[in-house]
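Asker: Structure below; questions to follow.
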């Protein structure tokens, strides 16, 4: 019997669709599921008549694969991944490969990579983005692990992944151990921010401009035109869903869907990593907090009876404010992506991932959830300057922000006057303001407070006209402490 090129463990929707995708590209695929009944249903359904081998014992599954064995895990993150790894080790040999294609936490991937490397089994933590449609038709793929492990599946991944308009495959080797899963996690954080920003614009249209779902859908459809800077998958599906009527009724579905957004955890991982790496990501964090607030539905209903706010109607300025919202959203999007890319830069330095930011952006252009025309520009800016300190410093984006930042301020002002929360928009705006501030006065105040109550020390700058921090002959920042409790409050330099 002919052996399969690759095996997939887990036949829930993502695993099923990836197996079907692989088979459609000419590969024989073996599948296994912990619950054999699901394998049976798959084999008698979507896999019927296809070059897919259903197996019902793990040894049978591994034996059905050609060597070196290529096993792709599409199971829930955490304990199930570790359990399957231990079971597979009974049957795998040196040089075989395990691919974790789920949304695993990158530190778990680093741990697993080290563990399996000691046993001679290769491991790739692989981010797969695009949802069930992407898995079936072509996702964006972000593999991280040993380079020689990637070479075992490079052709397979390039065959099954999405292709951008220029024919480029939306997959590339990301980096060692946890790099692939970290990049996928950051992608998801950016995705959360994108979704929240679009949601705030829709809220703005509904409450400030008194627009219907159908009107909003038409505006978003125009924004998704071929040459528009906002053209993206998320704008496209927002436009499509806004005009949808609830089945059997004349009500717009968006007006009937409960205002509760759940989440699976990758967004919180992004924010947790940002806190650990000391990287501000206010837009992404705001999107997480907004989802958390949405789940307090009963509390919000009670509070809304107590707290009342004036709601100004701006519908007479509809045309002008729609144009303002367009550019405000683009600026906020630049800010949000700048935050995500800054997080990738910090992680690359901390974990020695050696990330290529231009290639990462290029790989996101098709297949994944944040796919957008905008990513072409990001790719080009990093190709021009791979050492770009921050995306907002790229000439193309800096020019647009400098010329249009007042539109974002106007959007936020109108939103608040219409009683529309704009957490993500405000976070994006404040990120730009802080990043462009040579002196952060709030930080000066906090530094003095910390030194006053805790003797934590502070650094010294030359003043408003010379914001550079004073350094000693060795190039280290000079640190000082004021003796707040002593007469005259003398200042002394802290030497370590």
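The values are calculated or read from the model by the stated rules, or taken from the named source; none is laboratory data. Computed from a predicted model, the values in this text were never measured in an experiment. Neighbour counts run over all protein chains shown; Cβ positions are idealised from the backbone, glycine included.
Asker: Criterion first (out of contact with any helix residue (DSSP H, G or I) (no Cβ under 9 Å at 6 or more places or on another chain) and either farther than 21 Å from residue 202 by Cα or assigned by TED's automatic domain parsing to the domain that holds residue 206 (or both)) does residue 306 satisfy it?
Answerer: In short, yes.
Asker: Still on this structure, I have one more. Can you tell me which residues in the stretch 373-387 are out of contact with any helix residue (DSSP H, G or I) (no Cβ under 7 Å at 6 or more places or on another chain) and within 17 Å of residue 227 (Cβ to Cβ)?
Answerer: Scanning the stretch 373-387 gives 373, 376, 380.
Asker: Still on this model: Output the residue which, of all residues in the stretch 456-477 that are more than 25 Å from residue 433 (Cβ to Cβ) and touching a strand residue (DSSP E or B) at 6+ places or on another chain (Cβ under 6 Å), is surrounded by the most Cβ atoms within 10 Å (Cβ to Cβ).
Answerer: My answer is 457.
Asker: Might you check whether a residue that is at pLDDT below 95 and more than 29 Å from residue 368 (Cβ to Cβ) occurs anywhere in the stretch 2-19?
Answerer: yes
Asker: Taking residue 103 as meeting all but one of (1) in a helix (DSSP H, G or I); (2) under 27 Å from residue 265 (Cα atoms); (3) in contact (Cβ under 8 Å) with a residue 60 or more places away in the chain, write down the number of the exception.
Answerer: (1)
Asker: I would also like to ask the following. How many residues does the stretch 124-148 hold that are surrounded by 19 or more Cβ atoms within 10 Å (Cβ to Cβ) and more than 21 Å from residue 77 (Cα to Cα)?
Answerer: Qualifying residue count for the region: 1.
Asker: Taking into account only those residues within the stretch 312-322 that are without any contact (Cβ under 8 Å) to a residue 60 or more places away in the chain and within 33 Å of the chain's Cα centre (by Cα), which is farthest from residue 425 (Cα to Cα)?
Answerer: The selected residue is 319.
Asker: Taking the stretch 257-301 as the region of interest, how many residues are surrounded by 21 or more Cβ atoms within 10 Å (Cβ to Cβ) and without any contact (Cβ under 8 Å) to a residue 40 or more places away in the chain?
Answerer: 0
Asker: I'd like to check something: does the stretch 211-232 contain any residue that is assigned by TED's automatic domain parsing to the domain that holds residue 324 and within 17 Å of the chain's Cα centre (by Cα)?
Answerer: Scanning the stretch 211-232, I find at least one residue that is assigned by TED's automatic domain parsing to the domain that holds residue 324 and within 17 Å of the chain's Cα centre (by Cα), so the answer is yes.
Asker: Quick one: is residue 128 touching a strand residue (DSSP E or B) at 6+ places or on another chain (Cβ under 9 Å), assigned to a strand (DSSP E or B) and within 20 Å of residue 234 (Cα to Cα)?
Answerer: yes
Asker: Let me ask something else. Just checking, does the stretch 237-256 include any residue being closer than 24 Å to residue 102 by Cβ, surrounded by fewer than 21 Cβ atoms within 10 Å (Cβ to Cβ) and modelled with pLDDT of 90 or more?
Answerer: Yes: the stretch 237-256 contains one or more residues that are closer than 24 Å to residue 102 by Cβ, surrounded by fewer than 21 Cβ atoms within 10 Å (Cβ to Cβ) and modelled with pLDDT of 90 or more.
Asker: Please go through the stretch 328-364 and pick out each residue that is crowded, with 23+ Cβ neighbours inside 10 Å and either at pLDDT below 95 or in contact with a strand residue (DSSP E or B) (Cβ under 7 Å, 6 or more places away or on another chain) (or both).
Answerer: Result: 363, 364.
Asker: Name the helices (runs of 4 or more DSSP H) wholly inside the stretch 1-76 in which the number of residues that are surrounded by 19 or more Cβ atoms within 10 Å (Cβ to Cβ) and touching a helix residue (DSSP H, G or I) at 6+ places or on another chain (Cβ under 8 Å) is 2 or more.
Answerer: Helices (runs of 4 or more DSSP H) meeting the threshold: 13-24.
Asker: Another question about this same structure. Inspect the stretch 315-334 for any residue being in contact with a helix residue (DSSP H, G or I) (Cβ under 9 Å, 6 or more places away or on another chain) and assigned to a loop (DSSP other than H, G, I, E, B) and give the result as yes or no.
Answerer: Scanning the stretch 315-334 turns up no residue that is in contact with a helix residue (DSSP H, G or I) (Cβ under 9 Å, 6 or more places away or on another chain) and assigned to a loop (DSSP other than H, G, I, E, B).
Asker: If the requirement is being assigned to a helix (DSSP H, G or I) and out of contact with any helix residue (DSSP H, G or I) (no Cβ under 9 Å at 6 or more places or on another chain), which of these qualifies: 399, 407?
Answerer: Step by step, each of 399, 407 is checked, and only 399 is assigned to a helix (DSSP H, G or I) and out of contact with any helix residue (DSSP H, G or I) (no Cβ under 9 Å at 6 or more places or on another chain).
Asker: Something else now. Which number in (1) within 18 Å of residue 145 (Cα to Cα); (2) under 24 Å from the mean Cα position of the chain (by Cα); (3) buried (at least 20 other Cβ atoms within 10 Å of the Cβ) marks the one condition that residue 108 misses?
Answerer: The one condition residue 108 does not meet is (3).
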